[in-house]
Amino acid sequence: IFKFQAEGHSVFRATPQQLQAYSRFCSYTEEEVNQVLAKYRQLDRSRNHTAGVWYEDLAGKCTEMQGNRLLTLAAKAVAGSTSRLDVDRFVRLVWLLSSQASVQEKRDLLWRVLDPHQTGRVRRAGLFRFLSATVGGNLADDQLLDLVESALAAADPKPAGLEPELTREYFFSAMVSDLLVFQKLTADLHYN
């Protein structure tokens, strides 16, 4: 998972309680968990490694995840209302971005990125923000807006005056099967 070279630190090992807790959402071996914990310790420079890792800093500080366009959005979704990832959330994020996570887990993460307020729907601004973060360097803003408007136009029509929106069900049944972009997005969800 991570290639970690101790920088004068003692080895960071998972406790039996941590291993049991992590086994509820991931199937990492003890060695893999210890690698993730060592990386967390490297990133969280606080005295007792309890302050957490700023999710916005991950792209620059975690070389194993560089190039993953979804990293900051995924980290923000996992962090929730906080701006930092504690050790447990960091392990969860690494698991969700790993090739070992299930398709359903990745879909759940992708939807949490699209729908950060957990309304069950995504609107124009949210879909644009997501596409801009993931493929924005390859497409001009007007092309992204065209994608967004096409997706929203294909969704169930809304009464006049209401902003069109996509439900989770619609996004994953229609959008994922139709958008070539999704192949790129799922590739970005795998960093190892």
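Read-outs throughout are calculated quantities, based only on the coordinates presented, and are distinct from any laboratory measurement. Because the structure is a prediction, the values reported are computed rather than measured. Reconstructed Cβ throughout: ideal geometry from the backbone, glycine too, with neighbour counts over all protein chains shown.
Data table
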| item | result |
| --- | --- |
| Spacing of the two label points (7 Å from each Cα toward its C-beta) at residue 140 and residue 153, in nm | 1.8 nm |
| Neighbour net charge for residue 86 - beta-carbon separation under 12 angstrom, K R +1, D E -1 | +1 |
| Rough spin-label spacing in nm, given labels placed 7 Å along Cα→Cβ, for residue 104 and residue 47 | 4.5 nm |
| Global geometry of the range 16-185, whether rounded, prolate or oblate, following the gyration tensor of its Cα atoms and the 1.5 cut on a/c | prolate |
| Whole-Hz couplings from phi, Karplus 6.51/-1.76/1.60, listed for the range 17-26; x for Gly and Pro | 5, 5, 4, 5, 5, 5, 5, 6, 10, 8 |
